[in-house]
Amino acid sequence: IKRREFLYSMLNKDEYLHNQFKCNARTVISVIKGKWTVEILAEIANNENIHYTSILKNVPELNPRSLAKNLKNLESEKIILKESQGTNPPQYVYSLTEKGEGLREIFNQMNAWADEYN
């Protein structure tokens, strides 16, 4: 028996589904929870192949250190792709990976929820 099937057999269905939601939701939240992460992802999603400086301009309260840290984290999570432009000095553009594109629907649903309940 696979671990998941074993756990399912040990729990009732409602409790199992509740635990699945909690664990999966935490995975998403752990990726987007950083300060400025949502704003950075929105900029990258709305401006494919965006430059570092463009993100800084579009989110004026964001400082360069926070942006660099967030970009590095998102890249390590394989949410964004950093591509060199092949220039000297080096310039990079950022875009969403396939995994990052998957967050679009989550953000759309969160926006719909906020519109309904705010």
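Here are some notes:
- The local environment of K33, defined by Cβ-Cβ distances under 14 Å, has a net charge of +1 under the rule Lys, Arg +1 and Asp, Glu -1.
- Stretching the chain fully between S54 and T97 yields a gain of 13.6 nm (0.36 nm per residue, less the alpha carbon separation).
- Net charge of the neighbourhood of L67, taken over other residues with C-beta under 13 Å away and scored Lys/Arg +1, Asp/Glu -1, is +2.
- Listed pairs K33/K69; K57/K99; K35/K57 exceeding 20 Å between Cα atoms: K57/K99
- For the stretch 18-118, GluC sites (Glu not before Pro) are listed when DSSP marks them as loop and at most 10 other Cβ atoms sit within 10 Å of their Cβ; the list is E48, E61.
- Taking 0.36 nm per residue of separation and subtracting the Cα-Cα distance, full extension of the segment from S30 to N88 would add 17.3 nm.
- Across V38, V59, the residue with the most accessible area heads the list, and the full order at a 1.4 Å probe is V38, V59.
- In Hz, Karplus ³J(HN,Hα) per residue of the stretch 47-57 (6.51, -1.76, 1.60; θ = phi - 60°; x = Gly, Pro): 9, 4, 6, 8, 7, 3, 5, 5, 4, 4, 5
The values are calculated or read from the model by the stated rules, or taken from the named source; none is laboratory data. Since we're looking at a predicted model, the values are computed, not measured. So basically every Cβ, Gly included, is an ideal-geometry build from the backbone, and we count neighbours across all protein chains shown. The protein model used for the area step is the full one, side chains on, heavy atoms only, and it has no ligands, DNA or RNA in it. Shrake-Rupley method; radii C 1.70, N 1.55, O 1.52, S 1.80 Å.
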